[in-house]
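**Student:** Let me give you the structure first, and then I'll get to my questions.
The values are calculated or read from the model by the stated rules, or taken from the named source; none is laboratory data. Just so it is clear, the model here is predicted, and its values are computed rather than measured. Glycine also receives a Cβ, built like all others from the backbone with ideal geometry; neighbour counts cover every protein chain displayed.
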Amino acid sequence: MKLLEEMSWPEIEEGLKVTRTVILPVGATEEHGPHLPTITDTIQAMETARTVAQKREVFLEVFLAPPIHYGVCRSTRGFPGTITVGHDALRSYVKEVLISFTDSGFENVLILTGHAGSQHMSALKEACQMALEEREFRVSLVSLFDLIDPQAAETPHDGHAGEIETSMMMVIRKDLVKGLPEEHFPPRPRFLIMKDVRHLMGNGIMGNPAPATIKKGQNFLAMAAEGLIEALEELESDCWKGR
Ligand SMILES: [Zn+2]
């Protein structure tokens, strides 16, 4: 597998003759309830990317870049262990990373994010748009939550640290899953913008971890991998050229 961080530059130069596509996993260092580790979003993106990079090895290779571990986390920032950067910092950081990928010889970059807060997503999208103003390359922005059908979960409106994330973590790192707490859906104001919502967040879960299982986790991860393969095909095809 073309793991960028483990390759030397001559190996990367050779590899670029085979493929100019790279997956860049992005996550967050963020509380995920009393039962999941802070690396949850990052490791889910890494694992999905790794599965696909391994699968693609057979017919069409892809590079796998080291992940970005810090993202924008607004609502959970009052918890110990949520380490966040602001929107502008993530935007300019990712923009410069994208530009550097193109200067390094990559032509297609797929950002796969395991964290999908609204400010985090808009920072990533703007970073892609700004990099496109400065370099000729192709870039896709995919969130894991775009790829996993929420209907596949038992829990309606399952979210942060709930059934889906807990199930996937049971597959990826079962040793880091500390039990299956009860459902928890913290109340959130509909329109009001508050400085701090920590007091509304309870134990930090926004979903239902209780029905999580390894089997469901395998299913969610397979769904994510399948969607990622489709996203890579779109990124590498010319079907949107001139439209
Ligand atoms: Zn998460």
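**Student:** Give the residues of region 170-181 that are over 15 Å from A225 (Cα atoms) and either assigned to a helix (DSSP H, G or I) or touching a helix residue (DSSP H, G or I) at 6+ places or on another chain (Cβ under 6 Å) (or both), sorted by residue number. Break it down stepwise before answering.
**Tutor:** Taking region 170-181 as the starting set, the residues that turn out to be over 15 Å from A225 (Cα atoms) are 170, 173-181.
Hits for region 170-181 are M170, K174, D175, L176, V177.
**Student:** Considering only residues that are under 15 Å from K216 (Cβ atoms) and more than 10 Å from the ligand (Cβ to nearest atom), which ones fall in region 167-178?
**Tutor:** Our first condition is that a residue be under 15 Å from K216 (Cβ atoms); within region 167-178, this holds for 167-172, 174, 177.
S167, M170, V171, I172, K174, V177 - these are the residues of region 167-178 that are under 15 Å from K216 (Cβ atoms) and more than 10 Å from the ligand (Cβ to nearest atom).
**Student:** Can you find even one residue in region 143-165 that is within 16 Å of the ligand (Cβ to nearest atom), within 16 Å of the chain's Cα centre (by Cα), charged (D, E, K, R) and surrounded by fewer than 17 Cβ atoms within 10 Å (Cβ to Cβ)?
**Tutor:** Yes, region 143-165 contains at least one residue that is within 16 Å of the ligand (Cβ to nearest atom), within 16 Å of the chain's Cα centre (by Cα), charged (D, E, K, R) and surrounded by fewer than 17 Cβ atoms within 10 Å (Cβ to Cβ).
**Student:** Now for a different question. I'm told E11 meets every condition in (1) within 16 Å of the ligand (Cβ to nearest atom); (2) part of a helix (DSSP H, G or I) except one. Can you identify the failing condition by its number?
**Tutor:** Every listed condition holds for E11 apart from (1).
**Student:** Can I ask one more? Which residues, taken from region 93-133, are touching a strand residue (DSSP E or B) at 6+ places or on another chain (Cβ under 7 Å), over 20 Å from L144 (Cβ atoms) and either within 14 Å of the ligand (Cβ to nearest atom) or not hydrophobic (A, V, I, L, M, F, W, C) (or both)?
**Tutor:** The answer is E107, and nothing else.
**Student:** Which residues, counting only those in region 67-82, are surrounded by fewer than 15 Cβ atoms within 10 Å (Cβ to Cβ) and within 16 Å of the ligand (Cβ to nearest atom)?
**Tutor:** G81
**Student:** Pairs only if they're at least six apart or on different chains, beta carbon under 6 angstrom, first in region 149-174 and on the phi < 0 side of the Ramachandran plot, second aliphatic (A, V, I, L, M) and more than 15 Å from the ligand (Cβ to nearest atom); list them, first residue then second.
**Tutor:** Listed by first residue and then by second, the contacts come to M170/I214; V171/I214.
**Student:** Still on this structure, please answer the following. Any residue in region 115-129 that's within 15 Å of E30 (Cα to Cα) and in a helix (DSSP H, G or I): show its pairings with residues that are within 15 Å of the ligand (Cβ to nearest atom) and modelled with pLDDT under 95 at Cβ separation under 8 Å, as long as the two are six or more apart or on different chains.
**Tutor:** Q119/R74
**Student:** Among the residues of region 93-114, how many are outside any helix (DSSP H, G or I), within 23 Å of A224 (Cα to Cα) and not small (G, A, S)?
**Tutor:** Taking region 93-114 and keeping what is outside any helix (DSSP H, G or I), we get 104-114.
Restricting the remaining residues to those that are within 23 Å of A224 (Cα to Cα) gives 108-114.
Within this subset, residues satisfying the condition of being not small (G, A, S) are 108-113.
Total meeting the criteria: 6.
**Student:** Let me ask something else. So, in region 23-45, of the ones that are in a strand (DSSP E or B) and not aliphatic (A, V, I, L, M), which residue ends up nearest to the ligand (Cβ to nearest atom)?
**Tutor:** Taking region 23-45 as the starting set, the residues that turn out to be in a strand (DSSP E or B) are 23-26, 29, 32, 36.
Within this subset, residues satisfying the condition of being not aliphatic (A, V, I, L, M) are 25, 29, 32.
Values: P25: 13, T29: 11, H32: 6 Å.
Applying the filter and picking the extreme gives H32.
**Student:** Taking the conditions exactly as written (outside any helix (DSSP H, G or I) and within 16 Å of the ligand (Cβ to nearest atom)), does T48 satisfy them or not? Full working, then the answer.
**Tutor:** Numbers: outside any helix (DSSP H, G or I): no; within 16 Å of the ligand (Cβ to nearest atom): yes.
The answer is no for T48.
**Student:** Then there's this: Give the residues of region 51-77 that are assigned to a loop (DSSP other than H, G, I, E, B) and closer than 18 Å to S143 by Cβ, sorted by residue number. It would help to see each step written out before you state the result.
**Tutor:** Pass one, region 51-77, residues assigned to a loop (DSSP other than H, G, I, E, B): 57-62, 65-67, 69-77.
Once the filter is applied, which keeps residues that are assigned to a loop (DSSP other than H, G, I, E, B) and closer than 18 Å to S143 by Cβ, region 51-77 yields A65, P67, H69, Y70, G71, V72, C73, R74, S75, T76.
**Student:** Give the residue, chosen from L90, L64, that is away from the ligand (no atom under 13 Å from the Cβ), hydrophobic (A, V, I, L, M, F, W, C) and more than 30 Å from K195 (Cα to Cα).
**Tutor:** Working: L90 fails: more than 30 Å from K195 (Cα to Cα).
It is L64.
**Student:** Another one. Being touching a Ser or Thr at 6+ places or on another chain (Cβ under 9 Å), over 19 Å from T19 (Cβ atoms) and among the acidic types (D, E) is the filter here, so list the residues in region 37-90 that pass it.
**Tutor:** D41
**Student:** List every residue pair whose Cβ atoms lie under 6 Å apart, where the two residues are 6 or more positions apart in sequence or sit on different chains, the first residue falls within region 18-32 and is buried (at least 24 other Cβ atoms within 10 Å of the Cβ), and the second residue, located anywhere, is hydroxyl-bearing (S, T, Y) and not in a strand (DSSP E or B).
**Tutor:** G27/T42; E30/T38; E30/T76; E30/T82; E31/T76; E31/T82; H32/T40
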